[in-house]
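Asker: Structure provided below as structure tokens; questions to follow.
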Amino acid sequence: MRIDVITLFPEFIESCALVGVVGRAQSRGLLQVNTCNPRDFATDNHRTVDSRPFGGGPGMLMAIAPLRDALASVQQDSAQPAHVVCMSPQGSRLTQQRVMELARLDRLVLVCGRYEGIDERVLEHLVDEELSVGDYVLSGGELAAAIVIDAIGRLQDGALNDALSAEQDSFNAGLLDCPHYTRPVEDELGAVPQVLLSGDHESIRRWRRKQALGRTWLRRPDLLMRAQLSESDRALLEEFRREYRAARTGGAL
Ligand code: 9WO
């Protein structure tokens, strides 16, 4: 997969795309992250990329021409037009479902705004979709683009895909992840739950599923509402709730 990022800060995106699983996906040729700087398409002596908003008000907007020319230049590299996403708090919220859909594309272009924003006509005519990574305002779209690249990039990596079967991956089932433990078995911070040491794989699977369901119920009831739960899931969640209530009332007495 190829991802092009239209950004005034290409070094930021390039350094993000070099590290960890995403960096490995790039070095293995599974992912290619390119940057394109609108400043390289500015035509005046000062290489201007900002412009004053009509109607007045504080701040500047990104000028149309350098942005349009940068987009045209990355679109020229393939016969089929690439899907163009603009990172924006005005966009629809990014979900793991949308990440999995985007990860199947051959090409993706991420447009990163700076200043107070982008001329609406660029969004209407040159951008296919606006995506938000959360309900907060950043100083630009680059950090949000890095999130998209990371979430997509890890799905391109073959080794990781083997290690995490789709079912086990947090959120793939629409639930939060279960708790994890490593050595030592006994620590001043506490002990590892006995069941994980039992070697009884069916009990371990049930415990993990119960914890995932219980945590989702406690922390993200909105996710639980939308999850498709089997009969055994409902029974496990009821068990969790009963134990949770018992522990709370027991603790209070
Ligand atoms: C500023 C602002 C102020 C009050 C109410 C709404 C507002 N929206 C913005 C805004 O979108 N500013 C942008 C800053 C202009 C272009 C780039 N910037 C940006 C992108 N900030 N945050 C993002 C972003 C992108 C994706 N997901 C979350 C945030």
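Asker: Below 8 Å between Cα atoms, with a sequence gap of 6+, how large is the relative contact order for the chain in percent?
Answerer: Details: 348 pairs, mean separation 46.3, N = 253.
About 18 percent, as a whole number.
Asker: What number comes out for the charge environment of L236, summing +1 per Lys or Arg and -1 per Asp or Glu over other residues with Cβ under 14 Å away?
Answerer: Values: positive: R205, R206, R208, R209, K210, R215, R234, R241, R242; negative: E202, E231, D233, E238, E239, E243.
So the surrounding residues net to +3.
Asker: Also: Given the peptides 74-83, 91-100, arrange them by the average over their residues of other C-beta atoms within 10 Å, most packed first.
Answerer: Details: 74-83: 12.3, 91-100: 14.6.
The most tightly packed comes first, giving 91-100, 74-83.
Asker: I've got another one for you. Scan the chain and report its longest stretch carrying no chymotrypsin sites (Phe, Trp or Tyr not before Pro) that are both in a DSSP loop and have at most 10 other Cβ atoms within 10 Å. Please list the in-between numbers first.
Answerer: Details: sites that count: F54, Y136.
Within the chain, the longest run free of exposed chymotrypsin sites (Phe, Trp or Tyr not before Pro) spans 137-253.
Asker: Suppose we flag GluC sites (Glu not before Pro) only when DSSP calls them loop and at most 11 other Cβ atoms lie within 10 Å. Which is the longest uninterrupted stretch of the chain? The partial results should precede the final answer.
Answerer: Details: sites that count: E167, E188.
Result, exposed sites excluded: 1-166.
Asker: What percentage of all Cα-Cα pairs in the range 172-248 are separated by more than 13 Å?
Answerer: Values: 2043 of 2926 pairs.
Roughly 70 percent, once rounded to a whole number.
Asker: Among residues other than A82 whose Cβ falls under 14 Å from its Cβ, what is the net charge (Lys/Arg +1, Asp/Glu -1)? List each step's numbers first, then the result.
Answerer: Details: positive: R2, R104, R107; negative: D4, D77, D106, D128, E129.
Surrounding charge for A82 is -2.
Asker: Could you work out the helix-only [θ] at 222 nm for the chain, with each DSSP H run of four or more residues adding -39,500 (n - 2.57) and the total divided by the number of residues, to the nearest 500 deg cm²/dmol?
Answerer: Numbers: 10 runs with 109 residues, N = 253.
When only DSSP H runs of four or more count, the value is -13000 deg cm²/dmol.
Asker: I would also like to ask the following. If amide H atoms are built 1.01 Å from N in the plane of the peptide, which residues on other chains or at least 5 residues away come under 5 Å of the amide H of G117?
Answerer: M62
Asker: Within the range 173-203, name every residue whose backbone N is under 11 Å away from a label modeled 7 Å from Cα of Q96 along the Cβ vector.
Answerer: It comes to 173-178, nothing else.
Asker: Among M225, M62, which comes first, then next, by fewest other beta-carbon atoms within 10 Å?
Answerer: With the fewest neighbours first, M225, M62 line up as M225, M62.
Asker: Can I ask one more? I'd like the FRET efficiency for R220 and H125, computed as 1/(1 + (r/R0)^6) with the beta carbon distance as r and R0 of 22 Å, rounded to 0.05.
Answerer: 0.05
Read the figures in this text as sums done on the coordinates, not as results from a lab. From a predicted model like this one, the values you see are computed outputs, not experimental measurements. Cβ atoms come from the backbone with ideal geometry, glycine included; neighbour counts cover every protein chain shown.
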